[in-house]
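Student: Sharing a structure below in C-alpha coordinates format, with a few things to ask.
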Amino acid sequence: MTKYKTIGVTGHRALKHPEEQIKLKIKEMLLSFGPECVISGMAIGFDTLVAEVCIENNIELIAAVPHINQATRWNRDGQSRYITLLEKAKEIVVVCEGEYQTWMNFKRNEWIVDNSEMLISYIDPNEITGGSVHCREIAIKRGLIVENLF
(Lines give C-alpha, C1' and ligand atoms only; values in the text may rest on other atoms or scores of the structure.)
Protein backbone atom coordinates (compact mmCIF):
# COMPACT_ATOMS: atom_id res chain seq x y z
CA MET A 1 0.00 0.00 0.00
CA THR A 2 1.22 3.51 -0.82
CA LYS A 3 2.44 5.55 2.14
CA TYR A 4 1.54 9.23 2.41
CA LYS A 5 3.56 11.72 4.44
CA THR A 6 0.64 14.08 5.12
CA ILE A 7 -3.04 13.14 5.12
CA GLY A 8 -5.87 15.64 5.34
CA VAL A 9 -9.34 14.80 6.60
CA THR A 10 -12.86 16.09 6.13
CA GLY A 11 -16.24 14.81 7.22
CA HIS A 12 -19.68 15.41 8.58
CA ARG A 13 -20.27 17.01 11.93
CA ALA A 14 -23.34 14.81 12.47
CA LEU A 15 -22.13 11.22 12.63
CA LYS A 16 -24.37 8.46 11.29
CA HIS A 17 -22.38 5.60 12.84
CA PRO A 18 -21.23 4.98 16.45
CA GLU A 19 -18.10 6.97 17.39
CA GLU A 20 -16.12 3.88 18.38
CA GLN A 21 -16.88 2.19 15.05
CA ILE A 22 -15.71 5.26 13.14
CA LYS A 23 -12.58 5.60 15.29
CA LEU A 24 -11.66 1.97 14.60
CA LYS A 25 -11.96 2.55 10.83
CA ILE A 26 -9.91 5.75 11.11
CA LYS A 27 -7.19 3.95 13.05
CA GLU A 28 -7.05 1.07 10.56
CA MET A 29 -6.79 3.43 7.61
CA LEU A 30 -4.19 5.71 9.18
CA LEU A 31 -2.02 2.81 10.28
CA SER A 32 -2.21 1.29 6.79
CA PHE A 33 -1.14 4.56 5.09
CA GLY A 34 1.50 5.38 7.72
CA PRO A 35 1.42 9.19 7.64
CA GLU A 36 3.95 11.32 9.48
CA CYS A 37 1.15 13.75 10.24
CA VAL A 38 -2.56 14.32 9.76
CA ILE A 39 -4.28 17.66 9.16
CA SER A 40 -7.67 18.07 10.83
CA GLY A 41 -9.98 21.06 10.54
CA MET A 42 -10.96 20.40 14.17
CA ALA A 43 -14.72 20.72 13.64
CA ILE A 44 -17.18 18.79 15.77
CA GLY A 45 -17.78 15.25 14.52
CA PHE A 46 -15.42 13.42 12.18
CA ASP A 47 -12.56 15.95 12.45
CA THR A 48 -12.54 15.58 16.24
CA LEU A 49 -12.55 11.78 16.08
CA VAL A 50 -9.59 11.79 13.70
CA ALA A 51 -7.68 14.16 15.99
CA GLU A 52 -8.33 11.84 18.94
CA VAL A 53 -7.16 8.78 16.99
CA CYS A 54 -3.97 10.62 16.05
CA ILE A 55 -3.21 11.53 19.66
CA GLU A 56 -4.03 8.00 20.88
CA ASN A 57 -1.68 6.46 18.27
CA ASN A 58 1.22 8.94 18.39
CA ILE A 59 0.55 10.32 14.92
CA GLU A 60 1.44 14.01 14.68
CA LEU A 61 -1.62 16.24 14.43
CA ILE A 62 -1.78 19.56 12.63
CA ALA A 63 -4.89 21.48 13.71
CA ALA A 64 -5.99 23.72 10.84
CA VAL A 65 -8.63 25.97 12.36
CA PRO A 66 -10.59 28.38 10.16
CA HIS A 67 -10.43 31.23 12.70
CA ILE A 68 -9.30 31.75 16.28
CA ASN A 69 -12.79 31.53 17.81
CA GLN A 70 -13.93 28.30 16.14
CA ALA A 71 -15.30 26.67 19.31
CA THR A 72 -16.92 29.66 21.03
CA ARG A 73 -20.49 28.60 20.14
CA TRP A 74 -19.99 24.95 21.08
CA ASN A 75 -21.25 23.37 24.30
CA ARG A 76 -18.81 22.98 27.21
CA ASP A 77 -18.02 19.33 26.48
CA GLY A 78 -17.20 20.16 22.85
CA GLN A 79 -15.05 23.11 23.89
CA SER A 80 -13.18 21.03 26.45
CA ARG A 81 -12.52 18.25 23.95
CA TYR A 82 -11.33 20.83 21.40
CA ILE A 83 -8.94 22.59 23.81
CA THR A 84 -7.47 19.27 24.96
CA LEU A 85 -6.77 18.28 21.35
CA LEU A 86 -5.26 21.66 20.47
CA GLU A 87 -2.91 21.36 23.47
CA LYS A 88 -1.69 18.00 22.12
CA ALA A 89 -1.37 19.05 18.48
CA LYS A 90 2.09 19.31 16.94
CA GLU A 91 1.05 22.56 15.29
CA ILE A 92 -1.96 24.87 15.21
CA VAL A 93 -2.58 26.81 12.00
CA VAL A 94 -5.15 29.60 12.13
CA VAL A 95 -6.09 29.93 8.47
CA CYS A 96 -8.04 33.23 8.58
CA GLU A 97 -7.91 36.33 10.73
CA GLY A 98 -10.89 38.26 12.03
CA GLU A 99 -14.36 37.44 13.28
CA TYR A 100 -16.10 34.33 12.01
CA GLN A 101 -17.57 34.32 8.53
CA THR A 102 -18.81 31.24 6.67
CA TRP A 103 -16.22 31.54 3.88
CA MET A 104 -13.47 30.90 6.42
CA ASN A 105 -14.48 27.24 6.63
CA PHE A 106 -14.01 26.90 2.87
CA LYS A 107 -10.59 28.59 3.08
CA ARG A 108 -9.64 26.15 5.83
CA ASN A 109 -10.69 23.24 3.61
CA GLU A 110 -8.57 24.58 0.75
CA TRP A 111 -5.60 24.90 3.11
CA ILE A 112 -6.03 21.28 4.19
CA VAL A 113 -6.10 20.07 0.56
CA ASP A 114 -3.16 22.27 -0.46
CA ASN A 115 -1.02 20.83 2.34
CA SER A 116 -1.98 17.14 2.01
CA GLU A 117 -0.98 14.28 -0.25
CA MET A 118 -4.27 12.44 0.18
CA LEU A 119 -7.66 13.02 1.80
CA ILE A 120 -9.69 10.74 4.07
CA SER A 121 -13.36 11.65 4.21
CA TYR A 122 -16.50 10.63 6.06
CA ILE A 123 -19.21 11.73 3.63
CA ASP A 124 -22.61 10.19 3.07
CA PRO A 125 -22.72 9.27 -0.64
CA ASN A 126 -26.21 10.82 -0.82
CA GLU A 127 -24.89 14.25 0.24
CA ILE A 128 -24.24 16.59 -2.67
CA THR A 129 -23.66 19.90 -0.84
CA GLY A 130 -21.80 21.17 2.21
CA GLY A 131 -18.30 21.93 3.32
CA SER A 132 -17.04 18.35 3.37
CA VAL A 133 -18.41 17.66 -0.10
CA HIS A 134 -16.74 20.86 -1.33
CA CYS A 135 -13.44 19.84 0.30
CA ARG A 136 -13.57 16.43 -1.38
CA GLU A 137 -14.30 18.05 -4.76
CA ILE A 138 -11.30 20.36 -4.40
CA ALA A 139 -9.09 17.39 -3.51
CA ILE A 140 -10.25 15.41 -6.54
CA LYS A 141 -9.73 18.39 -8.88
CA ARG A 142 -6.19 18.81 -7.53
CA GLY A 143 -5.39 15.14 -8.10
CA LEU A 144 -5.37 13.86 -4.52
CA ILE A 145 -6.39 10.29 -3.71
CA VAL A 146 -9.63 10.40 -1.69
CA GLU A 147 -10.75 7.51 0.52
CA ASN A 148 -14.25 7.67 2.00
CA LEU A 149 -14.90 5.89 5.31
CA PHE A 150 -18.69 6.33 5.30
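The values are calculated or read from the model by the stated rules, or taken from the named source; none is laboratory data. Computed from a prediction, not measured in an experiment: that's the story for all the values here. Note that we place each Cβ from the backbone using ideal geometry, even for glycine, and neighbour counts take in every protein chain shown.
Student: Being closer than 13 Å to I120 by Cα and within 14 Å of the chain's Cα centre (by Cα): is that true of A43 here? Can you show your working first?
Tutor: Details: closer than 13 Å to I120 by Cα: no; within 14 Å of the chain's Cα centre (by Cα): yes.
In short, no.
Student: Something else: Among G45, G78, G98, which is out of contact with any strand residue (DSSP E or B) (no Cβ under 8 Å at 6 or more places or on another chain), on the phi > 0 side of the Ramachandran plot and in contact (Cβ under 8 Å) with a residue 12 or more places away in the chain? Can you show your working first?
Tutor: Details: G45 fails: out of contact with any strand residue (DSSP E or B) (no Cβ under 8 Å at 6 or more places or on another chain); G78 fails: on the phi > 0 side of the Ramachandran plot.
So the residue among G45, G78, G98 that is out of contact with any strand residue (DSSP E or B) (no Cβ under 8 Å at 6 or more places or on another chain), on the phi > 0 side of the Ramachandran plot and in contact (Cβ under 8 Å) with a residue 12 or more places away in the chain is G98.
Student: Return yes or no: is A64 closer than 22 Å to V133 by Cα, in a strand (DSSP E or B) and touching a helix residue (DSSP H, G or I) at 6+ places or on another chain (Cβ under 7 Å)? Talk me through it step by step, then tell me what you get.
Tutor: On the way: closer than 22 Å to V133 by Cα: yes; in a strand (DSSP E or B): yes; touching a helix residue (DSSP H, G or I) at 6+ places or on another chain (Cβ under 7 Å): yes.
So A64 fits the description; yes.
Student: Could you list, in sequence order, the residues of the range 105-129 that are surrounded by 15 or more Cβ atoms within 10 Å (Cβ to Cβ) and either acidic (D, E) or modelled with pLDDT under 95 (or both)?
Tutor: Within the range 105-129, E110, E117, D124 qualify.
Student: Given the conditions (1) assigned to a loop (DSSP other than H, G, I, E, B); (2) under 14 Å from the mean Cα position of the chain (by Cα), report the number of the one that N58 does not fulfil.
Tutor: Condition (2) is where N58 drops out.
Student: Give the residue that is nearest to V65 (Cα to Cα), with candidates limited to residues of the range 116-130 that are of a type in the set (S, T, Y) and in contact (Cβ under 8 Å) with a residue 12 or more places away in the chain. Quick ask: steps written out before the conclusion?
Tutor: Quick first cut of the range 116-130, residues of a type in the set (S, T, Y) only: 116, 121-122, 129.
Within this subset, residues satisfying the condition of being in contact (Cβ under 8 Å) with a residue 12 or more places away in the chain are 116, 121-122.
Working: S116: 15, S121: 17, Y122: 18 Å.
Result: S116.
Student: Looking at (1) without any contact (Cβ under 8 Å) to a residue 12 or more places away in the chain; (2) of a type in the set (A, V, I, L, M); (3) closer than 15 Å to I112 by Cα, find the lone condition where A51 falls short.
Tutor: (1)
Student: Quick one: count up the residues across the range 84-115 that are within 13 Å of A64 (Cα to Cα), in contact with a Pro (Cβ under 9 Å, 6 or more places away or on another chain) and not hydrophobic (A, V, I, L, M, F, W, C).
Tutor: 4
Student: I need the full set of residues from the range 35-48 which are in a helix (DSSP H, G or I), in contact with a Leu (Cβ under 8 Å, 6 or more places away or on another chain) and either of a type in the set (A, V, I, L, M) or buried (at least 23 other Cβ atoms within 10 Å of the Cβ) (or both), in order please.
Tutor: At the first step, the residues of the range 35-48 found to be in a helix (DSSP H, G or I) are 46-48.
Keeping just the survivors that are in contact with a Leu (Cβ under 8 Å, 6 or more places away or on another chain) gives 46, 48.
Within the range 35-48, F46 is the sole residue that qualifies.
Student: Something else now. Could you check the range 130-145 and list, in sequence order, the residues that are surrounded by 13 or more Cβ atoms within 10 Å (Cβ to Cβ), over 16 Å from S40 (Cβ atoms) and of a type outside the set (A, V, I, L, M, F, W, C)?
Tutor: G130, H134, E137
Yes/no matrix, rows are residues, columns are (1) within 21 Å of L144 (Cα to Cα); (2) crowded, with 22+ Cβ neighbours inside 10 Å:
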| position | (1), (2) |
| --- | --- |
| G8 | yes, yes |
| E19 | no, no |
| F33 | yes, no |
| V50 | yes, yes |
| N69 | no, no |
